[in-house]
Amino acid sequence: MSPRGGVADSDSGASAGRTPAAAGAPGAGASTSESPFPPIADYGFLSDCHTGALLASDGSIEWMCLPHFDSPSVFGAMLDRGAGSFRMGPYGVYVPIGRRYIPGTNLIETTWMTPQGWLRVIDGMTIGQWHEDKHGSSHTRAPTDFDADHLLVRWVECVQGQVQVEVVCEPMLAYGATPARWSVADTGEEGGYALDAGDGDGEGELKALRLYSDMRMGTEGNRVHARHTMAEGEQRFCAISWTQALGGPRTAAEAKDRLDRTSHFWRTWLADGTYPDHPWRSHLQRSALALKGLTFMPTGALVAAPTTSLPETPGGERNWDYRYCWMRDASFTLWGLHALGLDWEADDFVQFLADMRRNEDGSLQIMYGITGEKELRESTLEHLKGYEGARPVRIGNGAYDQRQNDVYGAVLDSVYLHSKKRDHIPERLWPVLIDQVSCAERVWREPDQGIWEARGEPRHYVSSKLMCWVAMDRGARLAERRGESEHAQRWQALADEIREEILERGVDRRGVFRQHYDTDALDASNLLVGLVRFLPAEDERVRATVSAIREELTENGLVLRYRTEETDDGQSGEEGTFLICSFWLVSALSEIGERREAEHLCERLLAYASPLGLYGEELEASSGRHLGNYPQAFTHLALINAVTHIVAAQQQNQ
């Protein structure tokens, strides 16, 4: 997908007490030197399906955009240690004794041991019963019985002894450009003590958020600081609200009740899916919860990641904004959702596709904003230093208007998969599909930027030709289902023509599929040749391609997208191995019958998960360090595909 484009105070603990994990440890997110930043894999992901937050292990929220995933950040220490954070935890202790997602939820429980006692913190972005909004609803999809409370709730309990707890809330608005100004909030008849954070612009001041707590709070410039010694059994809370009314809990009991209701929501949602009774089931469930958390509930869009500009190369320039929805992800999204029985979300995503405004020629863009925006103009934030100095920090994504001929096949394949599961195509979607097939027919002979959105010269990428074949093949199948035989025959004839050219020009002398027509370089996207049923798994060209990628396009057994020295991608520097490509290799090995190899690789990849079971876009092969935006939807979708391949193969052998 790349280029998919486009100092906290020591009291806060944002940079204190961190020692990088041992290099090479799976899932450790190892770093090669001392850094004030936590490893990317150290972060936990919180979500209310409207926006998300990244929580470091020291108890600091270091990334949070309000009110939506693609809004400006209010906490941005992930990209600059001075761009704002929000810590709740024991005073002077920054390394917890234990940390986990509460099973079946997107709530994080952190356990702390201090010299005087034990502490338990639960963090969550809360979801409650559907509530009417006097300002109107932003939902274009049919609402469920639940919706976001627009609250981040942090609840703490002293479980043994006594512990001094502190809260340090230091918002920096507009991506770290504007220090917040605090004022005492008018909480009306409901009472309770709260502080409002705004931009300090006088009469037109924007009230960005409201901070509630039952601890005594003091303001120190743009920072709110609270400190309290908790006794055994005592419970306290703090919460941030960004609703229109800026409402929130007044007591620890109210805060815990909101977290309990949120836990019930996640567990009820997860139970609607279907998961095999298998040792890897927990990985499927965590991936499902991550994907649900990356879904923008009002429209059904799926963001590629909730972050921007986490680097693909340590200290490098391959830093992109992934807070948008890629059409390419559509087929993988629907496959993954249907594979786990999560049909409601699949229905919503298909309707999101139907909603999207098309270009003048009827084509869909390669990506859209989460509410359907077409223009995602890219710019850089020069005032931010970047994660571990990786610059530039980008917002927006300049690839939105690229020509990428594979998008048509991705859309057609996704709808075809959906129609097989649901036995129905929404009538309003059929004209969209006709236009996508027509666009593929018009452009398949032309060069493009390819699946990886290269910023070099357009090429005749084999994977783009392959996905144009998918567009024709799936279009023909869908037309046949609708009884439109004329469309079906013409599109199938074009599919046959594209297949003939790919086999003539897209295969090298070894019988291996090449990256594009003018090179013999390898490209991991050609693992899709067998997975999209272009050729049967037993075809020697499929087997030769899988073997060549496994042997020649890997580092320490993990798959690269391509060799950067052999590819004009318009960027400089190296990059890590791409996790989605490694999971594709698992699926491809399983397809060609090398099931033991597939199982071993899958087991290794699962061991590289973060301590909380999440994945970035890339891994540094030498260390196991996660790179790129995080958590990455495409990686979790590919994990679901790979694990279900393995489980199905094992069940066949039983």
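Residue separation of Trp344 and Gln652 scaled by 0.36 nm, minus their Cα-Cα distance, works out to 108.0 nm of gained length.
With each label modelled as a point 7 angstrom along the Cα→C-beta vector, the Glu457-Glu597 pair spans 3.5 nm. Here Val159 and Thr229 are evaluated by their C-beta separation; at R0 = 22 Å the FRET efficiency comes out at 0.90. Take each peptide in 171-178, 253-260, 469-476, count the other Cβ atoms within 10 Å of every residue, and average; sorted highest first, the result is 469-476, 171-178, 253-260. Net charge dipole, the chain: roughly 880 debye, given to the nearest 20, about the Cα centre with Cβ charges of +1 for Lys and Arg and -1 for Asp and Glu. Each of Thr111 and Glu538 was given a label point 7 Å from its Cα along the Cα-to-Cβ line. The distance between the two points is 5.3 nm. As an exercise, use a Förster radius of 22 Å and the Cβ-Cβ distance of Arg216 and Ser35 to find the FRET efficiency, rounded to the nearest 0.05. With R0 = 22 Å, the Cβ-Cβ based efficiency is 0.05.
How large a share of the accessible area of the chain, in percent, is made up of carbon and sulfur atoms when the probe is 1.4 Å and the other protein chains stay in place? With neighbouring chains kept in place, the figure for the chain is 46 percent.
A simple spin-label model places the labels of Asp401 and Ala271 5.0 nm from each other, with each point 7 Å out along Cα-to-Cβ. With an a/c value of 1.5 or above and a/b not larger than b/c for the gyration tensor axes a ≥ b ≥ c computed over the alpha-carbon atoms, the stretch 541-654 is described as oblate. Over the stretch 481-588, Cα pairs under 8 Å with separation of 6+ residues give a relative contact order of 22 percent.
For the stretch 144-280, the solvent-accessible area with a 1.4 angstrom probe is 44 square angstrom per residue. Sequence-ordered 3J(HN,Hα) estimates for the stretch 579-585 from the Karplus curve with 6.51, -1.76 and 1.60 and θ = phi - 60° stand at 5, 4, 5, 5, 5, 4, 5 Hz, glycine and proline given as x. Each residue was assigned an accessible area with a 1.4 Å probe, and for Val407 the value is about 10 Å². The candidate values were (i) 211, 45, 40; (ii) 77, 71, 50; (iii) 73, 52, 52; the one computed from these coordinates for Cα extents along the principal axes in Å carries the label (iii).
The peptide list 505-511, 389-395, 150-156, put in order of mean Cβ contacts within 10 Å with the highest first, becomes 150-156, 389-395, 505-511. Couplings 3J(HN,Hα) of the stretch 453-469, computed from phi: 6, 4, 9, x, 5, x, 9, 8, 6, 5, 5, 5, 4, 4, 6, 5, 4 Hz, in residue order, whole Hz [Karplus 6.51 cos²θ - 1.76 cosθ + 1.60, θ = phi - 60°; x for Gly and Pro].
The values are calculated or read from the model by the stated rules, or taken from the named source; none is laboratory data. Note that the coordinates shown come from a computational prediction; the quantities given were computed from them, not determined experimentally. Positions of Cβ are backbone-derived with ideal geometry, glycine not excepted, and every protein chain shown enters the neighbour counts. In case anyone asks, the SASA skips ligands and DNA or RNA and just uses the protein heavy atoms, side chains included. Shrake-Rupley method; radii C 1.70, N 1.55, O 1.52, S 1.80 Å.
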